[in-house]
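Trainee: Here it is, the structure in full.
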Amino acid sequence: MADWDLLLTDARIATMRRGAADYGAIEAGTIAIAGGLIDWIGAAAERPEGRAAQTRSLGGRWVTPALIDCHTHLVFGGQRAGEFERRLQGVSYEAIAAEGGGILSTVQATRAASEEQLYREALPRLQALAREGVATVEIKSGYGLDLDNELKMLRTARRLGESSGLTVRTTLLAAHAVPPEFAGDADAYMDFIIEEILPAAESQGLADAVDAYCESIAFDAAQIERLFARAQDLGLRVKLHADQLSDGGGAKLAARFGALSADHLEFTSQDGVRALAESGTAAVLLPGAYLTLGETQQPPVGALRDSGVPIALASDCNPGTSPLGSIHLAMGLGARLFGMTPEECLAGVTREAARALGLGHDRGTLEAGKRADLAVWDLDHPRELAYWLGEHPLSELLVAGRAPGP
Ligand code: DI6
Ligand code: FE
């Protein structure tokens, strides 16, 4: 019997271990994989004795943790290029939302789409991420806004995970906007989420976490507190779209509930940053939405960094504010628009993204005991990942030690 299923030799490894300098790099490294996990990783010269069923040289290529896109809305019907044109002419996102467009126009298209159609339209988006080295993707609901359609979105996301062999984490975002049936009565819709949609999603095992949109055009802190309290009663972790368009105290609200992450954060105050640091909540920055909305207020990256808040980066892939299907471009934008270092950008789509999904214990860095989710690159150095725009020179993606598949 072999000790290992696969031995990868002659690798340059960016382990991305927390606290390690310089990408946690190991030159002339070896990775021994057994049962889908990393059994041993280190310099070739220090490898313990053992037999491998298969040994492969990576020819000196760089290996990083497989990438993680920890905030997407990649299941949706239709597209909103018409709205994009209007916004370029100066109409604001909030004004379009107030007219019943924006998120609600995607709700209409998503409700009209069959489950099969939603699946077929989302699959290429997921495959594009996999071609860039992504092995774990979070997908939110939030364009159904009624019981059947929210569950339909979550089932579609689950099916995408099963058929692709990637890990898909699903998040219930029924509190994304107030649907037409409850127009003008956000409290009544929140009651409906709490009494009907959330318990159904939980009992059917369709949601890994619960999210909400805390914003003047969506839900206020008091409404979201009721939702989060119920989610926690059901044993679900929470996350929050916080302080994207205004400072609504979202970061502090997320921190009060020990949220996995608070996302966007353009308008987060110093107090909000401090609260995140104290609760251990990750910040998820979304430069695709910042760019698309022509935002000028940057998230407080320096304060987050100085306070030790884990900073993740994600695509926020959605048809309204971030029609971005590339985690590589999100990294490139994180560096250019938010002043993150290339190393922070890579940590943001590996170690910190894992943390934002509550998966830090089993992925996001390359260490013994973690999943063998690896991306192998044709690059001279991992800093190039945030440098190239629109390039994704992936040589190979391994998911639990194997080529991904159902
Ligand atoms: N913030 C966003 O950027 C997306 N949702 C959210 O809460 C926008 C979604 C959309 O416009 O369709
Ligand atoms: Fe979002």
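The values are calculated or read from the model by the stated rules, or taken from the named source; none is laboratory data. This one's a predicted model, so the numbers in the text were calculated from it and none came from an experiment. All Cβ positions, even for glycine, are placed from backbone atoms using ideal geometry, and neighbour counts span all protein chains on display. In case anyone asks, the SASA skips ligands and DNA or RNA and just uses the protein heavy atoms, side chains included. Shrake-Rupley method; radii C 1.70, N 1.55, O 1.52, S 1.80 Å.
Trainee: Here are some residues: Ala201, Ala222, Ala229, Ala212. Which one is in a helix (DSSP H, G or I) and either open to solvent by less than 40 Å² (accessible area, probe 1.4 Å) or within 16 Å of ligand 1 (Cβ to nearest atom) (or both)?
Mentor: Residue meeting the stated conditions: Ala201.
Trainee: Then there's this: Tell me, please, whether a residue that is within 16 Å of ligand 2 (Cβ to nearest atom), open to solvent by 10 Å² or more (accessible area, probe 1.4 Å) and at pLDDT 95 or above can be found in region 26-42.
Mentor: no
Trainee: Inside region 253-277, can you point out the residues that are surrounded by fewer than 24 Cβ atoms within 10 Å (Cβ to Cβ) and within 16 Å of ligand 2 (Cβ to nearest atom)?
Mentor: Listed by number, the residues that qualify are Glu266, Phe267.
Trainee: Then there is this: Could you grab the pairs with beta carbons closer than 6 Å, sequence gap of 6+ or different chains, first residue in region 1-14 and modelled with pLDDT of 95 or more, second one of a type in the set (Asp, Glu) and surrounded by fewer than 17 Cβ atoms within 10 Å (Cβ to Cβ)?
Mentor: Cβ pairs passing all conditions: Arg12/Glu27.
Trainee: Still on this model: Can you pull out the residues in region 327-364 that are buried (at least 23 other Cβ atoms within 10 Å of the Cβ) and assigned to a loop (DSSP other than H, G, I, E, B)?
Mentor: Met340, Val349, Thr350, Leu357, Arg363, Gly364
Trainee: Follow-up. Is one or more of the residues making up region 354-368 within 16 Å of ligand 2 (Cβ to nearest atom), among the β-branched types (Val, Ile, Thr) and touching a residue at least 12 places away in the same chain (Cβ under 8 Å)?
Mentor: Within region 354-368 (the criterion being within 16 Å of ligand 2 (Cβ to nearest atom), among the β-branched types (Val, Ile, Thr) and touching a residue at least 12 places away in the same chain (Cβ under 8 Å)), the answer is no, since none of the residues qualifies.
Trainee: Being within 25 Å of Val137 (Cβ to Cβ) and among the charged types (D, E, K, R): is that true of Arg80 here?
Mentor: Yes: the conditions hold for Arg80.
Trainee: Looking only at residues that are assigned to a loop (DSSP other than H, G, I, E, B) and crowded, with 24+ Cβ neighbours inside 10 Å in region 278-288, which one is farthest from ligand 1 (Cβ to nearest atom)?
Mentor: Thr281
Trainee: What strands (runs of 3 or more DSSP E), lying completely within region 53-156, carry at least 2 residues that are more than 15 Å from ligand 1 (Cβ to nearest atom) and surrounded by 23 or more Cβ atoms within 10 Å (Cβ to Cβ)?
Mentor: Correct list: 62-65, 67-69, 134-140.
Trainee: Right, another one. Ser92 is checked against (1) over 30 Å from Tyr143 (Cα atoms); (2) at pLDDT below 95 and fails just one. What number does that condition carry?
Mentor: With (1) over 30 Å from Tyr143 (Cα atoms); (2) at pLDDT below 95 applied to Ser92, the lone miss is (1).
Trainee: Here's a follow-up. Go through (1) farther than 19 Å from Asp22 by Cα; (2) out of contact with any strand residue (DSSP E or B) (no Cβ under 7 Å at 6 or more places or on another chain); (3) away from ligand 2 (no atom under 16 Å from the Cβ) for Asp380 and report which single condition fails.
Mentor: So Asp380 meets the others, but not (1).
Trainee: Right, another one. Do you know which of the residues in region 254-277 that are more than 16 Å from ligand 1 (Cβ to nearest atom) and of a type in the set (S, T, N, Q) is farthest from Asp220 (Cα to Cα)?
Mentor: Out of the qualifying residues, it is Gln270.
Trainee: Just to verify a result, which residue in region 232-247, among those that are modelled with pLDDT of 95 or more and of a type in the set (S, T, N, Q), is farthest from ligand 1 (Cβ to nearest atom)?
Mentor: Gln232
Trainee: Here's something else I'd like to know. Name the residues in region 289-314 that are crowded, with 19+ Cβ neighbours inside 10 Å and in a loop (DSSP other than H, G, I, E, B), would you?
Mentor: Hits for region 289-314 are Glu295, Pro299, Pro300, Val309, Pro310, Ala314.
Trainee: From Gly302, Gly288, Gly250, grab the single residue that is more than 23 Å from Leu67 (Cβ to Cβ), within 16 Å of ligand 2 (Cβ to nearest atom), among the small types (Gly, Ala, Ser) and at pLDDT 95 or above. Don't jump to the end; show me each part of the working.
Mentor: On the way: Gly302 fails: within 16 Å of ligand 2 (Cβ to nearest atom); Gly288 fails: more than 23 Å from Leu67 (Cβ to Cβ).
Selected residue: Gly250, the only one of Gly302, Gly288, Gly250 that is more than 23 Å from Leu67 (Cβ to Cβ), within 16 Å of ligand 2 (Cβ to nearest atom), among the small types (Gly, Ala, Ser) and at pLDDT 95 or above.
Trainee: Something else: For region 19-65, give me each residue that is within 28 Å of the chain's Cα centre (by Cα), under 25 Å from Pro393 (Cα atoms) and among the charged types (D, E, K, R).
Mentor: Scanning region 19-65 gives Asp22, Arg61.
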